[in-house]
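Structure, as structure tokens:
The values are calculated or read from the model by the stated rules, or taken from the named source; none is laboratory data. Just so it is clear, the model here is predicted, and its values are computed rather than measured. Don't worry about glycine lacking a Cβ; one is built from the backbone with ideal geometry, like all the others, and counts go over all protein chains shown. When the accessible area is computed, the model is the full protein with side chains, heavy atoms only, and any ligands, DNA or RNA have been set aside. Shrake-Rupley method; radii C 1.70, N 1.55, O 1.52, S 1.80 Å.
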Amino acid sequence: RRDVRVGGLNRRLTVVQLLPALEAGGVERSTLEIAEALVRAGHRAIVVSRGGRLLPQLEAIGAEHVALEIGRKSPLTFRHVFALRKLFAESNADIVHARSRLPAWLGWWALRGMRGTRPPASRPHFVTTAHGLNSPSGYSEIMARGERVICVSGTVRDYLLAQYPATDPARLVVIPRGIDPAVFPHVPQVDREVRARIAGMRPALAGEGPLLLLPGRG
């Protein structure tokens, strides 16, 4: 186990990540990658979501999952603030890491409610990751309120500073997203059966030449 020096003490960290669900996408994949890195380093990784098809992978990593519907856009969702506050306190969370707007608001309110129960030095730190260019609004601004705001690109950082000029640039840290080269190898591994099926559906893509795929948000 590798300890991280926090507040002058060498100890194990507890990090709670908040997101709507564990289905598919960059947010979900990044959540699993961070959880795996934490567990490998000997720390405690907790993920709060409504679950989804990536849940078995998360549990196989050795992370913990707490099932809460924190991504549903409904006033009733705010009742989960109390459950989150209890989780943060009972787990002695060091960091609350929010990756989506509504979960971020719930986490933020839960942390505010801890102000009268724990001294500042013992309360969790609030971190957010801005994964994209959300429409500018007071609702979206929560993603720029983290003590540290992780931006997945320079474009995201510039966008946050342009839309929310009161944001301290020093709190924004760019950590570019990448890919797993084992899943997306630099040298193509051509599957001719798959190419034949693609050509059957899209005759214009038939042939032996390179087929370039540009993955993007649907």
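Okay, here's what the table says:
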quantity	calculated
Members of segment 120-154 found to be open to solvent by less than 30 Å² (accessible area, probe 1.4 Å) and not β-branched (Val, Ile, Thr), listed by number	Pro124, Phe126, Ala130, Gly132, Ser140, Met143, Ala144, Gly146, Cys151
Number of the exception - Ala199 against (1) surrounded by 10 or more Cβ atoms within 10 Å (Cβ to Cβ); (2) closer than 26 Å to Val152 by Cβ	(2)
Qualifying residues in segment 203-218 (those that are surrounded by 10 or more Cβ atoms within 10 Å (Cβ to Cβ) and within 37 Å of the chain's Cα centre (by Cα)) - the one modelled with the lowest pLDDT	Leu211
Positions within segment 138-154 being modelled with pLDDT of 95 or more and among the polar types (S, T, N, Q), in sequence order	Ser140
Any hit, segment 9-19, residues being under 15 Å from the mean Cα position of the chain (by Cα), modelled with pLDDT of 95 or more and hydroxyl-bearing (Ser, Thr, Tyr)	no
One residue from Gly26, Gly42, Gly62 being touching a residue at least 60 places away in the same chain (Cβ under 8 Å) and surrounded by fewer than 17 Cβ atoms within 10 Å (Cβ to Cβ)	Gly26
Checklist (1) more than 22 Å from Ile34 (Cα to Cα); (2) polar (S, T, N, Q); (3) touching a residue at least 24 places away in the same chain (Cβ under 8 Å); (4) in contact with a strand residue (DSSP E or B) (Cβ under 9 Å, 6 or more places away or on another chain) applied to Thr167, failing item	(3)
Criterion violated by Ser91 - all others in (1) over 23 Å from Ala170 (Cα atoms); (2) touching a helix residue (DSSP H, G or I) at 6+ places or on another chain (Cβ under 8 Å) satisfied	(2)
Failed criterion for Ser49 (all others in (1) at positive phi; (2) of a type in the set (Gly, Ala, Ser); (3) surrounded by 15 or more Cβ atoms within 10 Å (Cβ to Cβ); (4) at pLDDT 95 or above hold)	(1)
